Amino acid sequence: MYKKLLFGITLFISISSNAQLRSPDEFLGYKIGTRYTPHWKIVNYFQHIAANASATLKLEEYGQTNEGRPLLLAFISSADNISRLEPIRLNNLRLANISNDKAAPVEENVPGIVWLSYNVHGNETSSSEAAMMTAWALVDPSNTRTKAWLKNTVVVIDPCINPDGRDRYVNWFNSIVGKNMNPLLSAREHREPWPGGRTNHYNFDLNRDWAWQTQVESQQRMKLYNQWLPHVHVDFHEQGINNPYYFAPAAQPFHEVITQWQRDFQVTIGKNHAKYFDANGWLYFTKEVFDLFYPSYGDTYPVYNGAIGMTYEQGGGPAGGLGALTDEGDTLTLLDRATHHHTTGLSTIEVSSINASRLVKEFRKFFNDAVSTGVGEYKTYVVKNSEADKQRINALATLLDKNGIQYEFAGGSTKGTIQGYNYFSGKDEVFTIDGSDLMVHSQQPKSAMVKVLFEPKSKLVDSNTYDITAWSLPYAYGLRTYGSKTKLQSAAGTKPPTVSNNVTDAYGYVIRWQGLQSVKALTNLFKEGVKVRFSEAPFEINGQQFNRGSLIIIKKGNEKFGSSLASIINQICNANNVKVNVITTGFVDKGFDFGSSKIHFMKAPRVALLTGEGVGSNAAGEVWNFFEQAIDYPVTLVNANDFGRINWREFDVMIMPSGNYRFLTEKPSTDQLKDWISKGGRLVAFESAVAQLAKTDWAIKSKKADDSDKKDPYAALQVYEERERETLRSNIPGSIFKVQIDNTHPLAFGYPNFYYTLKQDDALYEFIKDGGWNVGVLKKDSQVSGFVGSSVKDKLNDALVFGVQDMGGGKIIYLADNLLFRNFWENGKLMFCNAVFLVGQ
């Protein structure tokens, strides 16, 4: 009787509240697809259904964007499942062997968890419209089909991963579209201005940031994602307007860690989608273009974390507008695009519901296998932790924490009995373990991620990939690492404590130049007005050894701080986890005294960053984000097309990200640039900016590679069917090379005599012969990991990668490879800071 009464009350409440529940069309006052919906209205709609369908939908704000827009998740399921949402989540973590509690996981009658992510690229706008359609279909009281699915499925909807980018596009489009949309692609509504809405506030591509989590949106989202670990994840995208819809199964290459079940279920889902697309006469394709390899996408990251991860691509964005004329003469509308995404979203939920018990079972097996046997040939990775490595070790540990990867510190030392693969030599060697070394074991819940992120060489079954082919963390972080094929035991060491400085008034202080924490200490000291020097040569004082680049703070010049100088230094260095070393004299035991010309006073540089039309928006964004979020140092963004109107005497350093600069083709502007450099300016050029400078008559020169094809009269004869693969012969999609470094030059302070670079093109430059320094060069057989096309592999040697050219009183710093790639290539950051803060001081 009590249960019947409770059911009656619940039913009455449900009917009463749902009486006010409205569809997107009713709530917005227009039909989805007839105009673009700004983000605030999307938020309002989800708040509306959360308020009026609270029994079946729970809305959670999990963070905010850089521009203050809310980030939302909607959890939708049956009333019973919503009422026990937290127990469902905790049980799912037990299934993944991640939960800290000792309760046994329940596998039977457990709902499948389907996570749908929309609008990661802000100008691929149809998906957020589709998110509202899909949410409505799931909460609509009259929709009996979805009610049946939700009995054994929890659906998680992120309606807009990238609100800042979406609103940048939508606000622009709504401001310039006419009374009626114009489908002609030549109309301005199809020509989005720089930087476009694809990226977030800092022009970062959030769909490349899942594993690295350099951006605030990713950091907040991934924290929650790893607290849930769904069984199915879909990332909704758009592609060129003439492309049919793409859905799973994905294209090769598949990473070898992907299980047969994960491969097979992609086919199951694809066939379900095909059923609906065939019925409507909609075109689609599968098994092409979009592979499952690079680990930081919205499909691969979920796959490597036990889910069925998929990308769905609809033709349309960003040129689609409200309607666009295709090559076939049809008008592709926003409604068409949203409807297609809505269809695959519901189809995914349907097939997941049908197979919920199998999804849960295979999810459980994935993580049981991970902890029982581990993935990959290496059972333990040992990352060496010397004094010079500590800052990069801290950065690596932070990344592992973000991804829920377990690690430990050795705690004790073992000598001479352990053999493993030395990443730096590429050979199996005997090595020792020291107490501070970091150890990562493959037998853990995140075993697949461990293998993917740490493996020295990833296996490619197909070289036609969508992204970079190498990213191994020991190379990206510049950390000496060994891979052991046997699981190594540790002495259960603890994480090194944070630095706690308590220096008192003294002659001076020294901070070692060892990484980003040292850089942040420097920028904070500049902000306080503290005068700083650095040493260009190693020195020893009071039994302590200091390498090149060490920061020196002495009382001389800092008298205004009086006795509070020590307190300021303590506060700054403790905040940045950097040790301060007290010195009592300027008379060194070895090296040069502090009054020597080898000790340089540092002027806080005034930095300009070129942006705007012609500049790679992602490239500019990496630099912008790095200054503001990583080192907290002021940078002025200047439009490149305003070059001739800028008073460059206001700046000491100019940064040219990869781009195509119009002013470099105009003699008055290039003369102005040369004059500024000659008078003491420092130009830092990245990637294609280096290539463009090389076309001038006053910069470095491109190296002309021998064209062996000219020696073969039959080289031009190609098979038509193989035309796409033929381009791979000259392709470098992102591979790791070992660069020889002159670490006595300020550009390379803080490095050994080598550096691992991520090379993404075959641009080669001649050595600087006079008036400059070849700081980083490629020599023969320097490739370490990743795919390189056969026609360029042997040509990538005897060339400059990083160099400094003297020009009058100034410098040109050439960075032919991207030291800040997606801001996850940790080991390049110090060299970039050297270019900004040390070179030319």
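The values are calculated or read from the model by the stated rules, or taken from the named source; none is laboratory data. Keep in mind it's a predicted model, so treat the numbers as computed, not measured. Here Cβ is always computed from backbone atoms with ideal geometry, including for glycine, and neighbour counts include all displayed protein chains. Please note that ligands, DNA and RNA were not included when accessible areas were found on the heavy atoms of the full protein model with its side chains. Shrake-Rupley method; radii C 1.70, N 1.55, O 1.52, S 1.80 Å.
Values as computed for the structure displayed
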| item | result |
| --- | --- |
| Residue, farthest from T259 (Cα to Cα), within the range 352-365, restricted to residues that are of a type outside the set (S, T, N, Q) and surrounded by fewer than 24 Cβ atoms within 10 Å (Cβ to Cβ) | I354 |
| Selected residue (only one of S490, S436, S425, S500 is in contact with an Asp or Glu (Cβ under 8 Å, 6 or more places away or on another chain), more than 30 Å from N207 (Cα to Cα) and outside any strand (DSSP E or B)) | S490 |
| Criterion violated by N577 - all others in (1) farther than 20 Å from S596 by Cβ; (2) modelled with pLDDT of 95 or more; (3) touching an Asp or Glu at 6+ places or on another chain (Cβ under 9 Å) satisfied | (3) |
| Selection count where residues are open to solvent by 40 Å² or more (accessible area, probe 1.4 Å) and either assigned to a strand (DSSP E or B) or more than 25 Å from Y751 (Cβ to Cβ) (or both), scope the range 463-487 | 5 |
| Inter-residue pairs, beta-carbon under 6 Å, first more than 19 Å from G122 (Cα to Cα) and modelled with pLDDT of 95 or more and in the range 37-55, second in a helix (DSSP H, G or I) and open to solvent by 20 Å² or more (accessible area, probe 1.4 Å), 6+ apart | H48/F27; N52/S17; A55/S14; A55/A79 |
| Within the range 730-841, strands (runs of 3 or more DSSP E) holding 2 or more residues that are of a type in the set (G, A, S) and under 29 Å from R533 (Cβ atoms) | 772-778 |
| Matching residues in the range 182-191 - criterion: being touching a Lys or Arg at 6+ places or on another chain (Cβ under 9 Å) and crowded, with 17+ Cβ neighbours inside 10 Å | N182 |
| Residue satisfying condition, being touching a Pro at 6+ places or on another chain (Cβ under 8 Å), open to solvent by 50 Å² or more (accessible area, probe 1.4 Å), in contact (Cβ under 8 Å) with a residue 12 or more places away in the chain and more than 21 Å from K829 (Cα to Cα), within set K531, K590, K555 | K590 |
| Flag for A397 being among the hydrophobic types (A, V, I, L, M, F, W, C) and either open to solvent by 20 Å² or more (accessible area, probe 1.4 Å) or farther than 21 Å from R512 by Cα (or both) | no |
| Criterion (touching a helix residue (DSSP H, G or I) at 6+ places or on another chain (Cβ under 6 Å) and open to solvent by 10 Å² or more (accessible area, probe 1.4 Å)) met by exactly one of V289, V257, V267 | V257 |
| When residues of the range 637-654 are limited to those that are open to solvent by 70 Å² or more (accessible area, probe 1.4 Å) and either hydroxyl-bearing (S, T, Y) or farther than 14 Å from G612 by Cβ (or both), the one farthest from the chain's Cα centre (by Cα) | R649 |
| Search result, residues across the range 446-462 that are within 23 Å of F824 (Cα to Cα), open to solvent by less than 70 Å² (accessible area, probe 1.4 Å) and either assigned to a loop (DSSP other than H, G, I, E, B) or free of Cβ contacts under 8 Å to residues at least 60 places away in the same chain (or both) | K446, E455, P456, S458, L460 |
| Residues of the range 405-422 satisfying the condition of being assigned to a loop (DSSP other than H, G, I, E, B), hydrophobic (A, V, I, L, M, F, W, C) and modelled with pLDDT under 95 | A410 |
| Residues of the range 145-165 satisfying the condition of being of a type outside the set (S, T, Y), under 23 Å from D235 (Cα atoms) and not in a loop (DSSP other than H, G, I, E, B) | W149, V154, V155, V156, I157, D158, P163, D164, G165 |
| Residue in the range 623-634 that is open to solvent by 10 Å² or more (accessible area, probe 1.4 Å), within 22 Å of G197 (Cα to Cα), of a type in the set (A, V, I, L, M, F, W, C) and modelled with pLDDT of 95 or more present | yes |
| In the range 671-700, the residues that are open to solvent by 20 Å² or more (accessible area, probe 1.4 Å), in a loop (DSSP other than H, G, I, E, B) and in contact with a helix residue (DSSP H, G or I) (Cβ under 7 Å, 6 or more places away or on another chain) | W698 |
| Flag for G345 being under 24 Å from F173 (Cβ atoms), part of a helix (DSSP H, G or I) and in contact (Cβ under 8 Å) with a residue 60 or more places away in the chain | yes |
| Test: residue in the range 122-144 that is in contact with a His (Cβ under 6 Å, 6 or more places away or on another chain), in a loop (DSSP other than H, G, I, E, B) and either open to solvent by less than 10 Å² (accessible area, probe 1.4 Å) or touching a residue at least 24 places away in the same chain (Cβ under 8 Å) (or both) | yes |
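Yes/no per residue for (1) over 28 Å from G240 (Cα atoms); (2) open to solvent by less than 10 Å² (accessible area, probe 1.4 Å):
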{"position": "Y297", "(1), (2)": "no, no"}
{"position": "T300", "(1), (2)": "no, yes"}
{"position": "N305", "(1), (2)": "yes, yes"}
{"position": "Y312", "(1), (2)": "no, yes"}
{"position": "L322", "(1), (2)": "no, no"}
{"position": "L335", "(1), (2)": "no, no"}
{"position": "G374", "(1), (2)": "yes, no"}
{"position": "E377", "(1), (2)": "yes, no"}
{"position": "T380", "(1), (2)": "yes, yes"}
